[in-house]
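The values are calculated or read from the model by the stated rules, or taken from the named source; none is laboratory data. As the structure is a prediction and not an experimental result, all values here were calculated from the model. Please note: Cβ atoms are built from the backbone with ideal geometry, for glycine as well, and neighbour counts cover all protein chains shown.
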Amino acid sequence: MKHTKEQPLCALVTGASSGIGQATARELAHKGYRLVICGRNEAALNSLSRELSAMTQVHSLVFDVSDKSEVQKAIDSLPPSWASIDILINNAGNAHGLDLIQDGDSDDWDAMIDSNIKGVLYVTQAVLPQMIQRGQGHILMVGSTAAKEVYPKGNVYCATKAAVDALAQGIRMDLNGTGIKVGAIHPGMVHTSFSAVRFKGDQARAEAVYQGVDPLQAQDIAELICFVVSRPSHVNIADLVVMPTDQASSTIVARK
Ligand code: 8X3
């Protein structure tokens, strides 16, 4: 897929109000994509929309990916000129808690399963029909190295990201022959609000995760996402694992 003069490609990014999603929206705007930015934080989306509107056309949708009817209502509300989504970046998702399974909070489990797994399914289902109808599109999941390697106390978070990995593979199989690309990018340690959310606002504990390490930045992943979605139509980057140089696995990290 390529931009045309009359109609640049349109990308929908979930979780666009912060972190990897926000950096990706910004990078795609720089590259001329029209953007549908989605998230729960209306103020943050408005501010991003104001910034990116200087570069491209932007439409904001405020909804929670884990609420099936909100998702469908939001996608159905897109005006006709925005209804053809070329690229879906399924980025929204979080970790809540880092506990032994016997100490886990089932509300944390529900939150992760609802946003990380069900959210991907609901948004994909809502966006897919017009891609199938047009015989083109690209669905890219933002997974995690946690999808590839379970680590102690990661239990449910790792399970949700393994599910994202499985969904990327399964959806790719189901859509084979439709002309739609499906893939996943799996980042390791990225310096975003990820750890602050995981540790429920405990900034000291969150910062300790990145102490002495040169972690990935959201911009690093945004640039890779732009690379993945801009390959020629016969090239689909199916699976990409990205770690900081200081990280060798989920548990092996060189700290200075
Ligand atoms: C983020 C990577 O290792 O903190 O998904 O789970 S990790």
Given (1) among the acidic types (Asp, Glu); (2) surrounded by 19 or more Cβ atoms within 10 Å (Cβ to Cβ); (3) out of contact with any helix residue (DSSP H, G or I) (no Cβ under 8 Å at 6 or more places or on another chain), identify the lone condition not met by Asp108. (3)
Output the number of the condition that Val182 fails; it satisfies all remaining conditions of (1) more than 16 Å from the ligand (Cβ to nearest atom); (2) surrounded by fewer than 18 Cβ atoms within 10 Å (Cβ to Cβ). (2)
Name the single residue that is nearest to the chain's Cα centre (by Cα) among those in segment 176-192 being in contact (Cβ under 8 Å) with a residue 40 or more places away in the chain and farther than 30 Å from Gln211 by Cβ. Gly183
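Within segment 221-233, identify whether any single residue is on the phi > 0 side of the Ramachandran plot, surrounded by fewer than 16 Cβ atoms within 10 Å (Cβ to Cβ) and away from the ligand (no atom under 15 Å from the Cβ), and answer yes or no.
Pass one, segment 221-233, residues on the phi > 0 side of the Ramachandran plot: none.
Scanning segment 221-233 turns up no residue that is on the phi > 0 side of the Ramachandran plot, surrounded by fewer than 16 Cβ atoms within 10 Å (Cβ to Cβ) and away from the ligand (no atom under 15 Å from the Cβ).
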Filter segment 199-217 down to the residues that are out of contact with any Lys or Arg (no Cβ under 9 Å at 6 or more places or on another chain) and within 12 Å of the ligand (Cβ to nearest atom), then identify the one that is farthest from Ala23 (Cα to Cα). Tyr210
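For segment 19-97, which helices (runs of 4 or more DSSP H) that fit wholly inside it have 3 or more residues that are surrounded by fewer than 16 Cβ atoms within 10 Å (Cβ to Cβ) and either in contact (Cβ under 8 Å) with a residue 12 or more places away in the chain or not basic (Lys, Arg) (or both)? Lay out the reasoning, then the answer.
Numbers: elements: 19-30, 42-52, 68-76.
Of the helices (runs of 4 or more DSSP H) lying wholly inside segment 19-97, those with at least 3 residues that are surrounded by fewer than 16 Cβ atoms within 10 Å (Cβ to Cβ) and either in contact (Cβ under 8 Å) with a residue 12 or more places away in the chain or not basic (Lys, Arg) (or both) span 42-52, 68-76.
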Reported set for segment 240-250 where residues are at pLDDT 95 or above and either buried (at least 17 other Cβ atoms within 10 Å of the Cβ) or in a loop (DSSP other than H, G, I, E, B) (or both) is Leu240, Met243, Pro244, Thr245, Asp246, Gln247, Ala248, Ser249
Show the residue pairs meeting these rules: Cβ distance below 8 Å; 6+ apart or different chains; first residue within segment 145-174 and more than 18 Å from Val242 (Cα to Cα); second residue part of a helix (DSSP H, G or I) and acidic (Asp, Glu). Val156/Asp108
Segment 150-179, residues that are more than 14 Å from Ile117 (Cα to Cα), among the hydroxyl-bearing types (Ser, Thr, Tyr) and within 15 Å of the ligand (Cβ to nearest atom): Tyr151
